[in-house]
Amino acid sequence: MSKRFDVSGMTCSACQANVTRAVAKLAGVNSVNVSLLGKSMNVDFDDSIVTEIQIIDAVTKAGYSCSLYVNKTLKAIENERKAALKKKRNKVLLSVLLLLCLMVFSMGPMIFSYPSMDDPNYGKIMIIDIAIQFAFIVPIIILNFNHFFSGFKSLFHFHPNMDSLVALGSTVSLAYGIYSFVMTIIGEVAHDHMMVMNNAMNIYIESGAMIPTIVGLGKYLEEKATLKTSSTIASLIELLPDVATIKKNDKQIEIQSSELKEGDIVVVKPGQTIPCDGIVLNGFSHVDEASLTGESKLIKKEKNDKVVGATLNKEGSFEFKATSVGKNMVMSQIIDLVKEASQSKAPISRLADKISLVFVPTVMILSLITFIVWVCLGYSGVIKDNSNHLNLAFQLAISVLVISCPCALGLATPVSIMVGTGKGAEYGVLVRSAEAFERLSKVDTVVFDKTGTLTKGEMTVVTIKPFGVEEDSLLKIASELESKSEHPLARAIVSFAKNKKIEFTSNLLCNYVSGKGVISSNALIGNTALMEENFIDYDFAKKDEKELSSLGYTVLYVALNNHLIGLIAIGDTLKDDSIRAVSTLKKMGKRVVMLTGDNALTAKCIARKIGIDEVYSNVLPNQKEEIIAKLQEAEKKVLMVGDGVNDAPSLAKADVGASVGSGTDVAKNSSDIILMNDSNEDIPFVISLSQKVNKTIKQNLLWAFLYNIILIPLAAGLLYWVKVDPNWFTGSQSHLVLTPMIASLAMSFSSITVVCNALRIKLFKKK
């Protein structure tokens, strides 16, 4: 069984990795997917071996809070996130204000050279100054206590995270500051002027407050930017109206949209947003479905037409019967798909996950090594121009702890995926997972189904050729055979017969032969394969079939009592964008293939019009899958685009499956991508988008790795022997070292950079 859990307390990729590891090692757990952004966890497990309580306990023991997922409205979730962000902002602003006051007293003696070291009251003044600093530090620590609580909690559970590094760095800085303060007091009591100066001037106690404040500021900016990555989801949520008007007992009453039920008669006036999915009962209007498809053109709506929730009624008024409400609505399903995709993990992120497991412990070891090395260098006499070796060692060790950034590793993939799925949804293209994005970016072969995909699938009968029977009799037999089929060819025949007012029965017992046609006890309709299977002589009709097929028509044979009695030619029209889509794909260097169950002549005629050179015709559903497999065996990365039930196996077999929004549920469920506006031009768009997303993920991961690889050694004092003028950047020393303040700024900057780089995907435009 599969369950979703809420997980709180996660701050970085190390947290994500810790939770994953804690749950994955439980017996009976099949798979674990932890979302750092979504603060959630999906677990597939055998409930006969492991229970929900055991899973929750495992997460708790790892140092985090866990509970079963609470189903909330999407608006409620967004409001909670905004409220939490506002609360965090207030804490950050107050912390920054207190920090600025602290810096005045901390940097005052260095900036203004007051008090003079020759002043007989120097010790007393510095003690008062440091005591005032502590007065500002305490409330800063209280405001940022979450870093200390989370950090030490995870550390005590042997699952250290980013907060552990922050907490350790800040605590060590404070502890050393307290030690220096005590030694300053002792020096003053003992009238040891040199002892007072050495300790008072090298206290750096402000680092203990500065680190959590700057980290908190960085996390706030990071979360604010991250919130923007989900702006598409938020905008979709906002589209759904709060109030709906229903008709009850011939009266119009207003109710909350959440109270709508299937079967309710809903009234929609000009300018109102449609609150749910339904079927128009009466009235006439034009509806803007841009929220659904990305296309701004108005769609005519009249009796028996479908309407979709969250679309905008522009002109007339109408009434419709609610058919899908709440989570069953198309828009709700779109939002859920976007959210699921945003919280999924791409294979490229697995390396980052593995690194995250050992990242924080490794940094802690490196910090300890840094401290030991610099203490040894100081006492060995290698460093001759530094008056306080212990202070330098502490400073560099703290900088190593603080500058390390596992957050960037954890955010590299999910923020890019979230923005990418949002951008796709903006244009009516739904990508179901992060893995699909990655696989799609590598596609080099695009395979199209013909009917309903490259063509409109709006078939109509163009020619009827009877042999020895009346045309109406031929059409009657064909209609009876096809009356229960949902295939576009069948619907065309039945519709044509109804328009000619030909009476036929729908009670005929028939067998549907996939990819071939329909057969009853004494009659059949289908392609040449069906005729051959049933030993029907059709040689005399081959010439007629060839002529009709050369015009691009699909030809069906009709037989009665083992004799061919006629041909029915059915024509389809190309989608307006099929030619443009194929042309664009070719320019992108993609191999384009067409698969169809139609005969060779019809298939080649259609392919020639579109510009496709490679065609497979007379293909059964299982053969489509086999062709996909052969392409994959030739090391091709295949994208299959289809719409029907018969396309489901090949959609599932392909590296990436894409189905048109008007396709069957089976096809859509087998697909990684859903094209809501039925446009083939969305194929090159989503391929380009996937390449952009994948490139951004690689950039973010590269940045995260390089940042830590380069800056951790710098923080450890690699450039100590580079001489510089003393200034605020390097502290009070004439050596190029990174102070804890600069380290915390760099760490925050790293995470923000990753998020901002991902936000650039929002600028991606459909050409």
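With the condition kept exactly as written, say whether any residue in segment 449-457 is touching a Phe, Trp or Tyr at 6+ places or on another chain (Cβ under 8 Å), surrounded by fewer than 24 Cβ atoms within 10 Å (Cβ to Cβ) and touching a residue at least 40 places away in the same chain (Cβ under 8 Å). Scanning segment 449-457 turns up no residue that is touching a Phe, Trp or Tyr at 6+ places or on another chain (Cβ under 8 Å), surrounded by fewer than 24 Cβ atoms within 10 Å (Cβ to Cβ) and touching a residue at least 40 places away in the same chain (Cβ under 8 Å).
Taking segment 4-32 as the region of interest, how many residues are closer than 23 Å to A408 by Cα and either buried (at least 18 other Cβ atoms within 10 Å of the Cβ) or of a type in the set (S, T, Y) (or both)?
Initially, segment 4-32 is screened for residues closer than 23 Å to A408 by Cα, giving 6-22, 32.
Those still in the list that are either buried (at least 18 other Cβ atoms within 10 Å of the Cβ) or of a type in the set (S, T, Y) (or both) too: 7-20, 22, 32.
Going through segment 4-32 one residue at a time, the tally reaches 16.
Residues of segment 541-566 that are free of Cβ contacts under 8 Å to residues at least 60 places away in the same chain and among the aromatic types (F, W, Y): Y557 alone. Quick one: D264 ticks every box in (1) at pLDDT 80 or above; (2) under 29 Å from V415 (Cα atoms); (3) not hydroxyl-bearing (S, T, Y) bar one, so which box is it? Of everything listed in (1) at pLDDT 80 or above; (2) under 29 Å from V415 (Cα atoms); (3) not hydroxyl-bearing (S, T, Y), D264 misses just condition (2).
Checking each residue in segment 407-423 for being in contact with a Leu (Cβ under 7 Å, 6 or more places away or on another chain), modelled with pLDDT of 80 or more and not hydrophobic (A, V, I, L, M, F, W, C) picks out G420, K423. The criterion of at least 2 residues that are among the charged types (D, E, K, R) is met, among helices (runs of 4 or more DSSP H) falling completely within segment 583-662, by 600-610, 621-633.
When you scan segment 545-576, how many residues do you find that are among the charged types (D, E, K, R), assigned to a loop (DSSP other than H, G, I, E, B) and either under 13 Å from T463 (Cβ atoms) or out of contact with any Lys or Arg (no Cβ under 7 Å at 6 or more places or on another chain) (or both)?
1
Report yes if F148 is in contact with a Pro (Cβ under 8 Å, 6 or more places away or on another chain), in a helix (DSSP H, G or I) and aromatic (F, W, Y), otherwise no. Yes, satisfied.
The values are calculated or read from the model by the stated rules, or taken from the named source; none is laboratory data. Since this is a predicted model, take the numbers as computed values, not measurements. Cβ sites come from the backbone with ideal geometry, for glycine too, and all protein chains shown count toward neighbours.
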